[in-house]
Amino acid sequence: MSYSFNRVEIDLAALVGNYLEIRAVVGEQVRIMAVVKADAYGHGMIRAAQSLYGAGARTFGVAEVEEGALLRESGLEGEVVVLLGTPPESYTDVVRYRLTPVVYDLETLAGLAQRAAAMDVVLNVHLKVDVGMGRLGIMPGEIAAFAQAFKGLPSVRLAGVLSHFPLADEQAADPQTTEHLERFKAALGRLGETGSGGVFHIANSAGLAYHPGSQLDMVRPGIALYGCHPGILPNGDCRASSLTLQPVMSFKTGVIQVKEVPAGTGLSYGHTFVTNRPSRIAVLPVGYDDGYLRRLSNRAEVLIRGQRVPVCGRVCMNACMVDITDLPDAAGVRPGEEVVLLGRQQNGEITADQVAGWLETISYEVLCLFGSRNSRVYIEEG
Ligand SMILES: *Cc1c(COP(=O)(O)O)cnc(C)c1O
């Protein structure tokens, strides 16, 4: 039982809708790895993965072994790829839970091979190449040597080769993304006579949306599944693509007090907002402890009765104030009235990208923040 005023709602039908939209855009020939790391970007990893499995997803991406183990413990079938890495202590669980590790060094490859052999398993492994991200991965020139190493280790199978784009969301950087893709394809060419390298994949949401030529054998959408466009233009608009996405997360609270105050009243710590007219102020039980960060002070807007009203004064640990004076029916707003901080209400909508703009960050961080700090309620499909 939760008595919290605050809740994050997860619309599972929208999640499935986004998956099916991505499926329609990439076609039946391209596999989809549903990226559910970071608790499915705050949406709840297990529920998200189960819904996506129901919609046809058979490959899932997580960052760490622990997440993969949780998915298996929940009963999830299919392939679970561990994108970030596998410390030696985790090798037994990697094999036991039939996870698919991503490797980028020979020590890990040898260690995993040894463990798999000891447990009498042939382990699928994906090899990561760095073609411009400057993060994880072997350099393209090393690929043949790694493919050769696989040949000497019968307990591991090269089931895939992947890379990652650093700039695929940025229109101005499209030529560089094309170059990164070409570098990846050239590296794949160097697999040589070692035979098949399995599944080739590089495209995140931005790759699949803005660079269709990068879809290759498999795409790895994260943010698009959760209903946000990966690319934002310099003017703040979403970069258009062929994807039609639906937001999955909403964040709601309720008014706990309404008060009328005279002109000249300072609100909240520091009195950074002082009323310049007689005002009607609503107090909301949400603050930075709930992920509604202090940077939203005097910046953000929320929805009440479908209309936008501004956050006034500093956001506190568990409370903030909004000025409802300009609502047409302000006098009717009472404690208990629903307030939407993210999502839709009547004809109003506040998107994760808008909140991200106020926070000077990206939608990804907003979803992780709100989702991880609040109790979630799932709205079932159908
Ligand atoms: C997180 C991640 C993705 C998903 O990226 P989005 O931009 O959310 O689509 C894909 N691939 C890798 C390796 C990742 O770490």
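The values are calculated or read from the model by the stated rules, or taken from the named source; none is laboratory data. Quantities reported herein were computed from a predicted structural model and do not represent experimental measurements. Quick reminder, even Gly has a Cβ in these numbers, built from the backbone with ideal geometry, and neighbours come from all protein chains shown. Accessible surface areas use protein heavy atoms only, side chains included; no ligands, DNA or RNA. Shrake-Rupley method; radii C 1.70, N 1.55, O 1.52, S 1.80 Å.
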Seminar exercise, completed: Within the stretch 214-257, the count of residues that are more than 10 Å from the ligand (Cβ to nearest atom), at pLDDT 95 or above and among the hydroxyl-bearing types (S, T, Y) comes to 4
Exercise. Restricting attention to the stretch 10-31, does a residue exist that is touching a Ser or Thr at 6+ places or on another chain (Cβ under 6 Å), touching a residue at least 24 places away in the same chain (Cβ under 8 Å), open to solvent by less than 30 Å² (accessible area, probe 1.4 Å) and part of a strand (DSSP E or B)?
Worked result: no
Seminar exercise, completed: Okay, strands (runs of 3 or more DSSP E) sitting entirely in the stretch 237-350 with 2 or more residues that are over 24 Å from R376 (Cβ atoms), I get 257-261, 279-284, 307-312, 320-323
Exercise. Which residues, taken from the stretch 109-143, are under 25 Å from D217 (Cα atoms), more than 16 Å from the ligand (Cβ to nearest atom), open to solvent by 10 Å² or more (accessible area, probe 1.4 Å) and not in a loop (DSSP other than H, G, I, E, B)?
Worked result: N124, P140, G141, E142
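Only one residue in V311, V261 is under 28 Å from the mean Cα position of the chain (by Cα), without any contact (Cβ under 8 Å) to a residue 40 or more places away in the chain and over 30 Å from V25 (Cα atoms). Which one? Walk me through how you get there before you give the answer.
Working: V261 fails: under 28 Å from the mean Cα position of the chain (by Cα).
Checking each option against the conditions leaves just V311.
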Exercise. In the stretch 265-297, what residues are under 20 Å from G348 (Cα atoms) and either open to solvent by 60 Å² or more (accessible area, probe 1.4 Å) or not aliphatic (A, V, I, L, M) (or both)?
Worked result: Y292
Problem set entry | Complete set of residues in the stretch 160-180 that are farther than 17 Å from P221 by Cα and open to solvent by 10 Å² or more (accessible area, probe 1.4 Å) | Q171, A172, D174, P175, Q176, T178, E179, H180
For this session: Take the stretch 164-185 and flag every residue that is in contact with a helix residue (DSSP H, G or I) (Cβ under 7 Å, 6 or more places away or on another chain) and more than 16 Å from the ligand (Cβ to nearest atom).
Result: R183
